[in-house]
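The values are calculated or read from the model by the stated rules, or taken from the named source; none is laboratory data. Since we're looking at a predicted model, the values are computed, not measured. Backbone-built Cβ (ideal geometry, glycine too); neighbour counts: all protein chains shown.
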Amino acid sequence: MRTSWITRTRLGLKSMSNDVKEQDILQSVPTELRRIIDIVEPGSKVLDLGCGEGHLLKALQKIKRARVQGIELSDVAMQECIAKGLFVYHGDLDEGLSDFSDKCMDYVILTNTLQVLHRPDKLIMEAARIGKKAVISIPNFGYWRVRFQLMFWGTMPKTKGLPFDWYDSPNIHLTTIHDFRRFCGEHNLEIVSEMDEVIGGGEAKTVTTNPNFFADYAIFVLQEKA
Amino acid sequence: MGNSNSNSVGIVETQYFTFAAPPREMELECGRKLGPIVLAYETYGTMNEDKSNCILIEHALSGDAHVAGKHHADDSTAGWWDSMVGPGKAFDTEKYFVICSNVIGSCKGSSGPGSINIETGMAYGMDFPIVTIKDMVKAQKVLIDSLGIEQLMCVVGGSMGGMQALEWAVTYPECVRMVIPIATTARLSPQSIAFDAVGRHAIMADPNWKFGDYYGSEPPRQGLAIARMIGHITYLSDKSMHNKFGRGLQNKERPSYDFSTEFQVESYLNYKGDAFVKRFDANSYLYISKAMDYFDLAEPSGELRTELSRAKAAFLVISFSSDWLFPPYMSREIVSALRRNNLDVSYAEIQSDYGHDSFLLEVEVLSRLIENFLDYADQVGAKIDE
């Protein structure tokens, strides 16, 4: 999907790139992030911290007419963002966040990023400061497959969401849904909504029973308490 | 993807635009007046009907209007950014109308200290007024107006060219849709001013300089060559010097323990200095380096953010990791001020060992970024009716 996008824009077929089907754009967004497109109100201002190749931002720009921008450290991913016509800042996540005034964004998005940061707490608070709402997704370390691997095999867990070995994992601050909820409570953050999900058959399914055990990941919508 | 070696714009010709004839001289930032003014410029590609595909390329200190192609079929080299400008390249001359004009103060066809002062019938020399980056851009604006262009699709430049691009964005905000400042700064640092000052001292200490009044006699070759050598040191990086020369000796196996040119890096600097003397005027070097020293986009308020608040364009700011003349932090300063003004801005910091010279050498990644950025011209930036 990504390739087709780039080819079209490279050919300069702007009218065509404008008409790229919503379906195609949706397909390019990782399954676990598609819910976020539903969350964002049309015409919003969105900042994605760690936006990768910009699939989600492009979808929000096209489908929700959002005014979007991203921050991304990888130079390859940054170049892909520019090829998609997105505005992106190439640098560390926390670099220059002070440029953004309080609540200047409708949404600040942090997907699958927190666990690789040295101080995730600081970035969560920054996201909640800059955005009227912060949309944060986390892989759930309380997921039963994770627990079973440690319990029965005694090995560090590897799952689809956490595919790394103990020695090469970038994930240094993993959390569970319980931990995350508690963090919000202790830091004056209101959980506006929470989606606990598991991927099955290529689709995201909502988990209602004991999500901290059955959900692979969760998406939280937070805001600072008044 | 830009094709860096084939697809030339072919044979091109420099054109000359004359304006500001007395009594309608152009007023300069220093308070003095200049006129008539000649601007040398070149164009490539074809202007579209609504003149919405025009790109202005700004050159650096020693550059000229000849950005691409050749003047004669047997020219040994092409224009200074030929790898970026041409059919199918980043600045695709099949899509865009590309303009490059030589700055005032230069010796490459535009009015400068070597031009004839019509009042005296002699070269200006040090009588030429001090020009600034703003003056250079003001003169270009007259040229752009004369071409009937209401809004430039993009203004782009590296180093001093980037300063002009930024100046366009704040001085003529409605007239530019996209700005690409590369390896540049919003204000010259004291370190850069210091290097410039040493270069100027070298020229002015040359007995042949004669207070700038050397036209028709032997020019201050030695001084200008030294100035250029200092410049070249600042354009390279520690690592690129290691890679390029190491501690290698020039044409000898062992040191000769004297003051001849021993090391390869010495030989390179000598060569660059000598080559420069053949193509550049020492007084122009004085004037243009001075123009850069005065450049401070944060003035008069002292706040870059305040001054950049007038800008309306969309920006792609590019820096290079090993550039220590205008290091990435200077570009980040620009980006920060733009973001604080709620402007659309992308920032790319390219990993490169080539130092400040990267903007001329990192063709592949620059092409990819710029080509893609320009593709979205119709969706971003200042709109005339807004």
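Report whether or not B:TYR124 is hydroxyl-bearing (Ser, Thr, Tyr), surrounded by fewer than 24 Cβ atoms within 10 Å (Cβ to Cβ) and in contact with a strand residue (DSSP E or B) (Cβ under 7 Å, 6 or more places away or on another chain). Yes.
Residues that are without any contact (Cβ under 8 Å) to a residue 24 or more places away in the chain and not in a loop (DSSP other than H, G, I, E, B) within the stretch B:86-126 comprise B:ILE116, B:ASN117, listed in sequence order. Give the residues of the stretch A:77-108 that are aliphatic (A, V, I, L, M) and without any contact (Cβ under 8 Å) to a residue 12 or more places away in the chain, sorted by residue number. A:ILE82 - this is the single residue of the stretch A:77-108 that is aliphatic (A, V, I, L, M) and without any contact (Cβ under 8 Å) to a residue 12 or more places away in the chain.
Report yes if B:PRO255 is in the same structural domain as B:ASP64 (by TED's automatic domain parsing), modelled with pLDDT under 95 and not in a helix (DSSP H, G or I), otherwise no. In short, no. I'd like to know if the stretch B:156-165 contains one or more residues that are part of a helix (DSSP H, G or I) and over 16 Å from the mean Cα position of the chain (by Cα). No, the stretch B:156-165 contains no residue that is part of a helix (DSSP H, G or I) and over 16 Å from the mean Cα position of the chain (by Cα).
The test for being in contact (Cβ under 8 Å) with a residue 40 or more places away in the chain, crowded, with 18+ Cβ neighbours inside 10 Å and aromatic (Phe, Trp, Tyr) does not hold for B:TYR268. Residues in the stretch A:193-216 that are more than 11 Å from A:PHE141 (Cα to Cα) and of a type in the set (A, V, I, L, M) were compared, and the one that is surrounded by the fewest Cβ atoms within 10 Å (Cβ to Cβ) is A:ILE199.
With the structure loaded, tell me whether A:GLU190 is surrounded by 15 or more Cβ atoms within 10 Å (Cβ to Cβ), at negative phi, in a strand (DSSP E or B) and not β-branched (Val, Ile, Thr) or whether it fails that test. Against the criterion (surrounded by 15 or more Cβ atoms within 10 Å (Cβ to Cβ), at negative phi, in a strand (DSSP E or B) and not β-branched (Val, Ile, Thr)), A:GLU190 does not qualify.
When the stretch B:239-262 is examined, which residues are found to be farther than 21 Å from B:SER322 by Cβ and either in contact (Cβ under 8 Å) with a residue 40 or more places away in the chain or surrounded by 13 or more Cβ atoms within 10 Å (Cβ to Cβ) (or both)? Selection gives B:LEU249, B:GLN250, B:THR261, B:GLU262. What are the residues in the stretch B:97-112 that are crowded, with 24+ Cβ neighbours inside 10 Å and touching a strand residue (DSSP E or B) at 6+ places or on another chain (Cβ under 7 Å), if any? Residues satisfying the conditions are B:VAL98, B:ILE99, B:CYS100, B:SER101, B:ASN102, B:ILE104, B:SER110, B:SER111.
For the residues A:ILE219, A:ILE172, the requirement of being surrounded by fewer than 16 Cβ atoms within 10 Å (Cβ to Cβ) and β-branched (Val, Ile, Thr) singles out A:ILE172. Applying the set (1) of a type outside the set (Ser, Thr, Tyr); (2) within 14 Å of chain A (Cβ to nearest Cβ); (3) not in a loop (DSSP other than H, G, I, E, B) to B:ALA40 leaves exactly one unmet item: (2). Among the candidates B:VAL345, B:VAL317, the residue that is within 12 Å of chain A (Cβ to nearest Cβ) and within 24 Å of B:LYS138 (Cα to Cα) is uniquely B:VAL317.
A Cβ distance below 7 Å, combined with a sequence gap of six or more or placement on separate chains, defines the contacts here; from the stretch A:109-120, residues that are among the hydroxyl-bearing types (Ser, Thr, Tyr) reach residues that are in a strand (DSSP E or B) in the pairs A:THR111/A:SER137; A:THR113/A:LEU49. For the stretch B:329-339, the criterion of being closer than 24 Å to B:SER62 by Cβ and in contact with a strand residue (DSSP E or B) (Cβ under 6 Å, 6 or more places away or on another chain) is met by at least one residue. Every residue in the stretch B:348-360 that is buried (at least 24 other Cβ atoms within 10 Å of the Cβ) and within 11 Å of chain A (Cβ to nearest Cβ), please. Matches in the stretch B:348-360: B:ALA348, B:ILE350. Would you please name the residue that is nearest to B:GLY112 (Cα to Cα), looking only at residues in the stretch B:43-61 that are surrounded by 19 or more Cβ atoms within 10 Å (Cβ to Cβ) and among the polar types (S, T, N, Q)? Checking each candidate, the answer is B:THR43. Scan the stretch A:42-52 and give yes if some residue there is within 11 Å of chain B (Cβ to nearest Cβ) and assigned to a loop (DSSP other than H, G, I, E, B), otherwise no. Looking for residues that are within 11 Å of chain B (Cβ to nearest Cβ) and assigned to a loop (DSSP other than H, G, I, E, B), one finds none in the stretch A:42-52, hence no. Highlighted here are the strands (runs of 3 or more DSSP E) found entirely within the stretch A:54-159 that include at least 3 residues which are under 30 Å from B:ILE180 (Cα atoms) and more than 10 Å from chain B (Cβ to nearest Cβ): A:105-111. Scanning the stretch B:196-226 for residues that are hydrophobic (A, V, I, L, M, F, W, C), crowded, with 19+ Cβ neighbours inside 10 Å and out of contact with any Asp or Glu (no Cβ under 9 Å at 6 or more places or on another chain) returns B:ALA202, B:ILE203, B:TRP209. Among the residues of the stretch B:270-317, just one is among the hydrophobic types (A, V, I, L, M, F, W, C) and over 21 Å from the mean Cα position of the chain (by Cα), namely B:LEU304.
If you go through the stretch B:327-347 and keep only what is of a type in the set (Phe, Trp, Tyr) and buried (at least 21 other Cβ atoms within 10 Å of the Cβ), you end up with just B:TYR347.
Of all residues in the stretch B:271-320, those satisfying the criterion of being among the aliphatic types (A, V, I, L, M) and more than 30 Å from B:LEU369 (Cα to Cα) are B:ALA275, B:VAL277, B:ALA282, B:LEU286.
For A:GLY154, the criteria (1) touching a helix residue (DSSP H, G or I) at 6+ places or on another chain (Cβ under 8 Å); (2) on the phi > 0 side of the Ramachandran plot hold in every case but one, which is (1). Of the residues making up the stretch B:233-267, those that are over 16 Å from B:ASP353 (Cβ atoms) and not hydrophobic (A, V, I, L, M, F, W, C) number 17. Kindly indicate whether B:TYR16 is in contact with a Cys (Cβ under 9 Å, 6 or more places away or on another chain) and more than 14 Å from every other protein chain (Cβ to nearest Cβ). It is false that B:TYR16 is in contact with a Cys (Cβ under 9 Å, 6 or more places away or on another chain) and more than 14 Å from every other protein chain (Cβ to nearest Cβ).
Of the residues making up the stretch B:361-379, none is touching a strand residue (DSSP E or B) at 6+ places or on another chain (Cβ under 8 Å) and away from chain A (no Cβ under 12 Å).
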